[in-house]
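Inspection log for the structure reproduced underneath, given as structure tokens.
Coordinate-derived values only; no laboratory data. These numbers come from a predicted model, not from an experiment. Here Cβ is always computed from backbone atoms with ideal geometry, including for glycine, and neighbour counts include all displayed protein chains.
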């Protein structure tokens, strides 16, 4: 199924019975019941062949559904499902969800039995994906400790103002407001994050398609989405949207109508990473970090002049540190001290806790502003943020001038 790659991937990971129920009950397809006596691979192959026999247009809704389901099966997607599973109110349903053998089965169960919760999980995941892109992100500072207004009057006022900003009619807009848990900056803490998701119709487009061998045209209206999140613990008000010009206005509207707070337009300080101190032997403070076993610099990029650079690596199992590796690889008198680093990789070894296995979290710092923290799962992101602040490898920089090292994690 070359034109249905996501559907094929999902069918290969679900139990054949689950796939058959999804395709026949949700999409009303007439498919043969998988033979439980046959090998699992043969059952899956039979289902794939049956779906392949459908025409392209019949398979497209299946591919779109599979794409949405798979969004929730990576690490961050699993975290979102776990955080929302407490909202499955029926006890039997909660047990059925918990009994699913893997993340693909859980995401499919949520799609079939708790569609509203499934859509909410998608919105949370999409917001986190957009947060990783500087092209879709704007952060502003609002007062901390506020509660989001969710009454009908506040919603109506917000929707009217947002519709005017986005250039659409209020009835062509859908606004969803919900709370979501998020790992806090301090170890083993959880904070509440408010999320406002705004769906609105974009401009009508004319598309072409083939019907009965003739070229036809059709008007299509696509839905655009913007997400606004507010963290009461820090006062951070984030707008996640591809609509660049509307971000500050959406933040102001949220502050005015949903937070009842004054909005000065002050942007959240950006983070700047300063790891030049690691060119010398460095002691990583692991006090009050019971889950961290050890930390090691496993790679550095070294600049030599304007156009030359080289990379040094020291594996986790190497007995010495990166400085000992530099002496051993290059020369007895070589020292990293005094040389400029253009990137650093830190390997943070975590101990086994309960059912989780021991593992290593890798932090990549590159240039002044690039770090891979935002791509990590919520718990790991909070841990890395806290550790970098603790080790004074990060500082917050305003859009006008530098600020002191700040110990609060994002």
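Data for the structure
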{"item": "Helix-only [θ]222 nm of the chain, DSSP H runs n ≥ 4, -39500 (n - 2.57) each, per residue, nearest 500", "result": "-10000 deg cm²/dmol"}
{"item": "Angle in degrees between helix 103-113 and the longest Cα principal axis of the chain, rounded to the nearest 10", "result": "40 degrees"}
{"item": "Hypothetical label at residue 370: residues of the stretch 127-153 whose amide nitrogen lies under 15 Å (7 Å Cα-Cβ projection)", "result": "133-135"}
{"item": "Hull shadow area, averaged, the stretch 1-96 [alpha-carbon convex hull, nm²]", "result": "7.2 nm²"}
{"item": "Average Cα contact separation per residue, the chain, under 8 Å, 6 or more apart, as relative contact order %", "result": "13 percent"}
{"item": "Distance between modelled label sites at residue 153 and residue 176, nm, 7 Å Cα→Cβ extension", "result": "2.7 nm"}
{"item": "Contour excess over end-to-end distance, with Cα ends at residue 224 and residue 334 and 0.36 nm allotted per residue", "result": "34.0 nm"}
{"item": "The chain: Cα Rg divided by the 2.2 N^0.38 Å rule of thumb", "result": "1.17"}
{"item": "Residue-span extension gain [residue 168 to residue 316] - 0.36 nm each, minus C-alpha spacing", "result": "47.7 nm"}
{"item": "Difference of contour (0.36 nm per residue) and Cα-Cα distance, residue 98 to residue 244", "result": "48.5 nm"}
{"item": "Degrees separating the helix 152-166 axis from the principal Cα axis of the chain, which is the longest one", "result": "80 degrees"}
{"item": "Estimated FRET transfer efficiency when R0 is 30 angstrom, pair residue 112-residue 12 (beta carbons, to 0.05)", "result": "0.95"}
{"item": "Cα gyration tensor shape of the stretch 276-361, rounded if a/c is under 1.5, else prolate or oblate by comparing a/b with b/c", "result": "prolate"}
{"item": "Angle in degrees between helix 115-131 and the longest Cα principal axis of the chain, rounded to the nearest 10", "result": "30 degrees"}
{"item": "Three-way shape label, the stretch 137-268, alpha-carbon gyration tensor, a/c 1.5", "result": "prolate"}
{"item": "Rough spin-label spacing in nm, given labels placed 7 Å along Cα→Cβ, for residue 216 and residue 353", "result": "5.8 nm"}
